[in-house]
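*Asks:* The structure that follows is given in the form of structure tokens.
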Amino acid sequence: MILRKRAMLLAAPVAAAASMLFLAPAMAKSATRPASHPASAPSAATPHGAPRLVVAIAIDQFSADLFAQYRTHFTGGFARLLTGAVFPAGYQSHAATETCPGHSTILTGDHPARTGIIANNWFDQSVARAKKSVYCAEDETRAAADPKDYVASVGHLLVPTLGERMKQANPASRNIAVSGKDRAALMMGGHNIDQVYWWKSNAFTTLDGKVLGPTAVAENAVIAKQLGAGSPGYPVPGWCGAFDRPVVANGVTVGNTHLPMAKGDATSYRVSPRLDRATLELATRLVDEQKLGQGTAPDLLAVSLSATDYIGHATGTEGAEMCIQLTQLDLALGDFFTQLDKRGVDYLVVLTADHGGFDLPERLDQQALPIAARADAALVPDALGKAIATRLGMATTAPLLLAEGPAGDYWIDRTLTPAQKHDVIVEAKRELAAQPQVAAVLSAEELAAEPMPTGSPETWSLIQRARASYYAPRSGDFVVLLKRGIVPIPQARPGYVATHGSPWDYDRRVPMLFWRKGMAGFEQPSAVETVDIAPTLAAQIGLPVVAGSFDGRCLDLDAGAEDSCKGS
């Protein structure tokens with residue numbers, strides 16, 4: 001099954017990618033129903049009235065491929081969501097398929113070109129510090145107490161989130177976010193947020209200068225006891241047996257570890273289902289503390305679950321570890337929804353992901369997929385910069401090129417003249433054109449001249465995908481896109497054997513699931529985008545929004561009933 005799925009994924013044209021997904025029988029009754037409308041001012045209310053609580057869940061690195069592969073085995077929270085509105089071919093349509101850009105699209109309704117969140121990290125050679133790399137969720141103008149740390153901030157996000165729009169319309173609305181990562185919580189919560197928490201080191205924390213609330217203190221106490229006790233590995237579900245086999249990558253063995261936790265080992269806590277369950281438990285506590293869904297205005301609870309990403313990076317997407325993770329996550333989500341039910345809150349859930357993911361090449365090689373490979377070390381910025389400098393006869397003490405790795409945005413030493421920078425770009429294109437792993441090299445000038453893409457994201461060209469990630473004040477001087485199946489990790493190491501970040505559909509395509517009690521279930525196979533989520537939720541709660549406020553469009557969630565986007 002895995003071989004067939006991955007072979008199709010790597011070889012099929014992009015336009016056909018959505019058709020590879022397994023589609024449930026429920027799809028048939030609504031496949032021809034119009035699914036969306038341009039975003040504008042939504043109707044005053046849905047046929048069922050506006051929900052009192054919106055729960056937006058993002059699962060980090062939960063690709064549409066994983067969703068399709070595991071969906072028949074779900075019995076908990078995912079099984080409930082599958083009875084609602086199912087869009088199996090959602091798209092994080094941009095090229096920079098990383099955590100920060102992906103999360104920035106979900107509740108803003110905008111592409112990274114508009115949110116300004118072009119990557120997890122970018123280089124700003126003008127910052128007044130030795131380190132020129134800037135993290136998407138930091139305030140680089142402030143020094144942290146620990147020189148190895150940073151001050152977390154949402155300052156780089158250029159647009160409002162749905163929660164901020166709700167609070168602007170009615171200050172009584174509560175805007176809450178919790179996650180295993182600061183960048184996820186902050187990009188979903190935004191600037192005007194009532195409570196925000198994320199995992200750091202061995203406990204949940206919050207913004208600098210903010211007091212840790214009593215619910216977070218209570219959850220941290222529970223976690224401290226768990227860490228002190230340690231925990232054996234998880235049982236492997238019987239149907240996961242085929243995945244339970246060792247794979248070695250550069251001396252690192254993965255695929256058959258069952259995610260035990262030694263006493264005091266916060267890393268193994270984080271890289272396991274334990275983190276997601278703790279995040280959902282904290283979210284439940286916040287529902288009670290903030291009385292979410294019980295006020296005069298609708299509230300928003302944003303929850304980003306990070307363990308799938310941590311496990312995907314550390315062990316890949318096709319081993320026993322991922323099988324255990326998705327099984328346990330399904331159960332944890334089921335428990336979370338049951339707790340919400342007990343509180344009698346009228347809530348609407350949307351679940352999606354910030355990006356997909358790709359398995360480690362060593363396991364894919366065992367499945368006879370030689371197209372999967374690790375990036376050539378010659379593509380690493382330092383090596384590439386030295387090769388270009390030598391060819392151009394440039395003598396420079398500073399690195400010629402700055403970049404996070406062998407793909408994505410590259411910045412040229414800003415001390416060079418415009419003519420020299422032009423020569424570097426020309427030579428980089430020539431050098432990289434000879435590299436068999438490179439699909440495209442696009443200059444900032446080319447990206448700036450490219451119109452923002454429209455239409456179905458499954459048909460976008462590479463330059464269109466890169467354009468959706470391009471924001472001139474932060475983006476690089478050129479961007480390098482690797483070919484399908486090339487993993488931008490030249491050498492595996494403990495905790496980092498596989499990744500994402502490519503412009504290909506295995507990293508772009510994610511599920512989008514909506515559920516509310518009484519919702520008529522349906523499945524729509526057509527391609528949609530994560531930027532469609534915010535305008536859809538705005539319509540569901542009757543939030544007036546000025547036309548053109550979103551890059552996305554409203555999706556009709558009321559199959560067989562009055563159009564929930566009527567008036568949009």
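Every read-out reported here was derived from the displayed coordinates using simple, explicitly stated rules and does not represent laboratory data. For clarity, every value in this text was computed on a predicted model and none was experimentally measured. Glycine also receives a Cβ, built like all others from the backbone with ideal geometry; neighbour counts cover every protein chain displayed.
*Asks:* Fewest first, what order do I533, I324 take by the number of other Cβ atoms within 10 Å?
*Replies:* The most exposed by this proxy come first: I324, I533.
*Asks:* Determine ³J(HN,Hα), in whole Hz, for all residues of the stretch 52-62 in sequence, where each value follows from phi through the Karplus function 6.51 cos²θ - 1.76 cosθ + 1.60 and θ = phi - 60°; x replaces Gly and Pro.
*Replies:* 8, 9, 9, 10, 9, 10, 10, 9, 5, 6, 9
*Asks:* So, one more: Going by C-beta contacts inside 10 Å, put C554, C565, C323 in order with the fewest on the left.
*Replies:* C323, C565, C554
*Asks:* In deg cm²/dmol, rounded to 500, what helix-only [θ] at 222 nm does the chain give when every DSSP H run of at least 4 residues adds -39500 (n - 2.57) and the total is split over its residues?
*Replies:* Computed mean residue ellipticity for the chain: -9000 deg cm²/dmol.
*Asks:* Just want the ordering: V178, V236, V217, V479, from fewest to most Cβ atoms lying within 10 Å of their own Cβ.
*Replies:* Ordered from fewest to most neighbouring Cβ atoms within 10 Å, V178, V236, V217, V479 come out as V217, V236, V479, V178.
*Asks:* For D558, enumerate residues with amide H under 5 Å from its amide H, sequence gap 5+ or separate chain, H modeled in the peptide plane.
*Replies:* It is S564, by chain and number.
*Asks:* Over what distance in Å are the Cα centres of the stretch 189-263 and the stretch 134-180 separated?
*Replies:* Here the answer is 22 Å between Cα centres.
*Asks:* Now a separate question. The stretch 123-272: percent of C-alpha pairs farther apart than 24 Å?
*Replies:* 53
*Asks:* Distance cut-off 24 Å, Cα to Cα: go down the list K386/K421; K148/K181; K263/K291; K132/K181 and report the pairs above it.
*Replies:* K263/K291
*Asks:* Now for a separate question. Can you give me the long-range amide H partners of N120? Hydrogens built in the peptide plane at 1.01 Å from N, cutoff under 5 Å, separation of 5 or more residues or another chain.
*Replies:* C100
*Asks:* Output wanted: per-residue J couplings in Hz (rounded whole) for the stretch 455-460, from phi through Karplus 6.51 cos²θ - 1.76 cosθ + 1.60, θ = phi - 60°, x for Gly and Pro.
*Replies:* x, 5, x, 5, 9, 5
*Asks:* Can you give me the span-like helices of the chain, meaning DSSP H runs with 20 Å or more of Cα extent along the axis and Kyte-Doolittle mean at or above -0.5?
*Replies:* 214-229, 273-289, 320-342
*Asks:* Amide H to amide H, which residues 5 or more places from Y197 or on other chains are under 5 Å from it, using H placed in the peptide plane?
*Replies:* Those qualifying (amide H under 5 Å, at least 5 residues apart or on another chain) are A177, V178, S179.
*Asks:* Bins of 10 Å, beginning at zero and ending with the bin holding the largest distance: percent of Cα pairs per bin for the stretch 380-492, please.
*Replies:* Here the calculated profile for the stretch 380-492 is 13, 46, 32, 8, 1.
*Asks:* On the Cα set of the chain, report Rg and Dmax in Å, please.
*Replies:* For the chain, the Cα-based Rg and Dmax read 22.8, 71 Å.
*Asks:* Would you mind pulling out the separation of the Cα centroids of the stretch 352-431 and the stretch 283-349, in Å?
*Replies:* Using only Cα atoms to place each centre, the spacing works out to 37 Å.
*Asks:* Please report, largest first and rounded to whole Å, the three semi-axes of the ellipsoid equivalent to the stretch 133-192, where each semi-axis is the square root of five times an eigenvalue of the C-alpha gyration tensor.
*Replies:* After scaling each eigenvalue by five and taking roots: 25, 11, 10 Å.
*Asks:* Could you list log10 I(q)/I(0) for the stretch 185-294 at q = 0.12, 0.23 Å⁻¹, which the Debye formula gives when each Cα is one point scatterer?
*Replies:* The Cα Debye sum returns log10 ratios of -0.56, -1.26.
*Asks:* Follow-up. Over the stretch 342-408, what lengths in whole Å, largest first, do the semi-axes of the equivalent ellipsoid take, defined as the square roots of 5 times the eigenvalues of the alpha-carbon gyration tensor?
*Replies:* 43, 23, 7
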